[in-house]
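The values are calculated or read from the model by the stated rules, or taken from the named source; none is laboratory data. Note that the structure is a prediction, hence the values are computed from the model and not measured. When we count neighbours, we look across all protein chains shown, and the Cβ atoms used for this are built from the backbone with ideal geometry, even at glycine.
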């Protein structure tokens, strides 16, 4: 009976879930989700898995005891009543140069089999960074501009092909380089708030020291030259802990990357605006936001970015997203990994008021970008953190 209660609750929490079936797998609840694609398109959501992970499954998990938490899920393209039928029919594919050049590009971004009815996220596994790369490729190769709003309507291979075919100006497949994207000119300017950052430092450090018994190690590892500071992410306290512990001479030149969905609210937006924070939304104008995020490094300042991209819900490290590694290699700046220990217990997800738990920050030695790939640098930073935890 409680499985049906899980289904009802998740349907209530997330308007983008059209149908859900919860079963038991490996002794824990497991959800099979069929999206409301019409609602997703209306809301211009292009990161479907991210939406369901954090605003359906994990939102539900924050409310219940451990035994009732959903430990895994899958997203289906087809109504759940049809999932047992043969859905893997291979459709005829166009053979023209346009289709083949699009398919060739996607094959560099996904190891999955590409069919004409492939969904670019659910079948091919593309994510936000892949979308930006794809948008730039399409603009440079066919003279067609695509943004997240347009893309939310054409997230299958066949629809993408049809859209490009209708709007193309030429066919000149061009390889996309991330260094070129992140080095493009950007009209927005950084907003410096040295006095506000000073106040954060002066007020937060003694408060955290008193309330959490805050302990800081390895602060001497943070260079006074431009760098990326890459902390683990356990709670909403983490950004403020970095502000409290960085020397002011470094803090005043540091900018923080945060999600608009969290810090764009009426309550937190003023903190972001006057706290040297760059807001990012994975569903809106991501390319321009990424270029904005690169500004501190272009101006020889610092960027604080959480490689996991979200707070852990079980204290375990999440997957590290490679954007910070791309920035590091593009602008040739070191990465300073930071281990935040204790903030999970002090302010778990779903809680509003912190508890007086011991918190310790450890700044590790800088990792300099070398002749390795983005993925290798990303893995190196994660492994360094895991070994030091």
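The requirement of being surrounded by fewer than 16 Cβ atoms within 10 Å (Cβ to Cβ), modelled with pLDDT of 95 or more and under 24 Å from residue 157 (Cα atoms) is not satisfied by residue 87. Sub-6 Å Cβ pairs linking a first residue in region 76-100 that is over 24 Å from residue 160 (Cα atoms) to a second residue that is at pLDDT below 90 and surrounded by fewer than 14 Cβ atoms within 10 Å (Cβ to Cβ), at least 6 apart or interchain, number zero. One residue is enough: does region 64-78 have a residue meeting the conditions assigned to a strand (DSSP E or B), at pLDDT 95 or above and surrounded by fewer than 18 Cβ atoms within 10 Å (Cβ to Cβ)? So far as region 64-78 goes, yes, one or more of its residues are assigned to a strand (DSSP E or B), at pLDDT 95 or above and surrounded by fewer than 18 Cβ atoms within 10 Å (Cβ to Cβ).
Looking across 329, 287, one residue alone is over 15 Å from the mean Cα position of the chain (by Cα) and over 20 Å from residue 349 (Cα atoms). It is 329.
Would it be correct to say that residue 137 is closer than 22 Å to residue 283 by Cβ, assigned to a helix (DSSP H, G or I) and touching a helix residue (DSSP H, G or I) at 6+ places or on another chain (Cβ under 9 Å)?
On the way: closer than 22 Å to residue 283 by Cβ: yes; assigned to a helix (DSSP H, G or I): yes; touching a helix residue (DSSP H, G or I) at 6+ places or on another chain (Cβ under 9 Å): yes.
So residue 137 fits the description; yes.
Residues considered: 41, 18. Of these, the only one that is surrounded by 15 or more Cβ atoms within 10 Å (Cβ to Cβ) and more than 25 Å from residue 68 (Cβ to Cβ) is 41.
Taken as a whole, the structure leaves residue 117 outside the set of residues that are in a helix (DSSP H, G or I) and either at pLDDT below 95 or not assigned by TED's automatic domain parsing to the domain that holds residue 293 (or both).
Restricting to strands (runs of 3 or more DSSP E) lying wholly in region 172-288: which have 3 or more residues that are free of Cβ contacts under 8 Å to residues at least 60 places away in the same chain, in contact with a helix residue (DSSP H, G or I) (Cβ under 7 Å, 6 or more places away or on another chain) and surrounded by 15 or more Cβ atoms within 10 Å (Cβ to Cβ)? Counting at least 3 such residues, we get 254-259, 277-280.
Restricting attention to region 242-253, the residues that are closer than 19 Å to residue 213 by Cα and either modelled with pLDDT under 95 or out of contact with any strand residue (DSSP E or B) (no Cβ under 6 Å at 6 or more places or on another chain) (or both) add up to 4.
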